[in-house]
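Have a look at the structure below before the remarks.
The values are calculated or read from the model by the stated rules, or taken from the named source; none is laboratory data. Fair warning: this is a prediction, and the values are worked out from it, not measured in the lab. When we count neighbours, we look across all protein chains shown, and the Cβ atoms used for this are built from the backbone with ideal geometry, even at glycine.
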Amino acid sequence: MKWQGRRGSSNVRSSTGGGKMIGGGIGGIIIAGILWLVFGVNPMTALQTGQAVTGGGKSTSTAPTTNTDRDTQFVKVVLADTEEVWHQIFNEAGSTYKEPSLILFNGQVSSACGSASSATGPFYCPGDQTIYLDTSFFVEMRQNLGISGDQQGSGGEENQGKAGDFAQAYVISHEVGHHVQTLLGISQQVNEARQQVTQAESNKLSVLQELQADCFAGVWAQRNQQRVQFLEAGDIDEAVNAAGQIGDDRLAKASGGAVVPDNFTHGTSQQRVEWFTRGLESGSVQSCDTFSGAL
């Protein structure tokens with residue numbers, strides 16, 4: 001993945017224990033009559049806990065010590081790329097995109113959605129419109145998903161750490177997808193629906209939300225490719241591999257547990273790959289209607 005030389009987002013901060021970043025709200029919009037889900041759930045959470053954070057509080061973590069300058073710059077560039085693409089998409093729909101914040105933390109952090117640790121993985125909090133990314137994220141991706149990010153490619157030093165970049169960008173863009181769902185303004189509709197259905201039906205809504213965020217990640221990748229031609233050979237395979245490895249069915253099998261579809265909250269490996277691919281091939285938000293007929 002080509003990312004060096006492009007601007008980095010000014011919305012990336014490191015948590016130093018002095019408080020949290022608060023994002024402002026904007027009016028919701030509806031695109032093509034699609035129902036959009038809002039409550040952000042971390043795609044990597046199932047690797048460790050399978051739970052989303054709740055509650056509120058201030059940031060209390062220490063400054064990150066495990067990330068590298070390269071990782072930080074990479075995050076800034078990826079977030080900036082999502083800003084460029086989603087500004088364009090929202091402008092095309094006659095609306096304005098509000099950029100999210102991204103907090104890099106080490107070990108533990110508190111957000112408007114409650115406290116979280118490294119085990120939680122990357123997550124989006126709609127309460128403060130912020131993405132939280134532990135600095136061990138890159139290590140977790142490489143170890144848990146079998147993605148190598150520390151190899152030195154045939155191009156020499158400039159390729160060191162290059163492998164796996166797009167898989168990491170996929171996860172960040174997935175969390176940005178949850179932010180887009182927030183801006184589209186259907187959180188109240190979906191939360192109300194969840195309160196009126198069974199747990200299995202509520203889990204199904206969560207699956208539809210996650211699959212839509214996967215699709216949004218694909219839309220971003222396609223539109224960003226048109227904008228800056230950043231994809232290289234093998235990049236798509238990296239993202240598809242990542243999407244497939246964090247499917248609920250695969251994670252259940254890996255943990256030795258029973259595969260119970262009613263308990264799924266993120267979707268099967270096949271579903272996650274299919275919806276990411278759908279967004280990637282279409283580059284269209286309208287193609288990401290996972291909720292048709294669900295509510």
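Side notes on the structure shown:
- Test: Gly218 is in contact with a helix residue (DSSP H, G or I) (Cβ under 9 Å, 6 or more places away or on another chain) and closer than 28 Å to Lys98 by Cα: yes
- The sole residue among Leu145, Leu133 that is modelled with pLDDT under 70 and under 16 Å from the mean Cα position of the chain (by Cα) is Leu145.
- Enumeration of residues in the range 242-258 that are among the acidic types (Asp, Glu) and without any contact (Cβ under 8 Å) to a residue 24 or more places away in the chain: Asp249
- Any chance Val219 is farther than 30 Å from Glu92 by Cβ, modelled with pLDDT of 90 or more and among the aliphatic types (A, V, I, L, M): no
- Among the residues of the range 78-94, the one identified as in contact (Cβ under 8 Å) with a residue 24 or more places away in the chain, of a type in the set (S, T, N, Q) and surrounded by fewer than 17 Cβ atoms within 10 Å (Cβ to Cβ) is Gln88.
- Residues (without any contact (Cβ under 8 Å) to a residue 60 or more places away in the chain, β-branched (Val, Ile, Thr) and surrounded by 13 or more Cβ atoms within 10 Å (Cβ to Cβ)) located in the range 192-238: Val197
- Residue in the range 129-137 that is surrounded by 22 or more Cβ atoms within 10 Å (Cβ to Cβ), in contact with a helix residue (DSSP H, G or I) (Cβ under 8 Å, 6 or more places away or on another chain) and over 21 Å from Thr68 (Cβ atoms) present: yes
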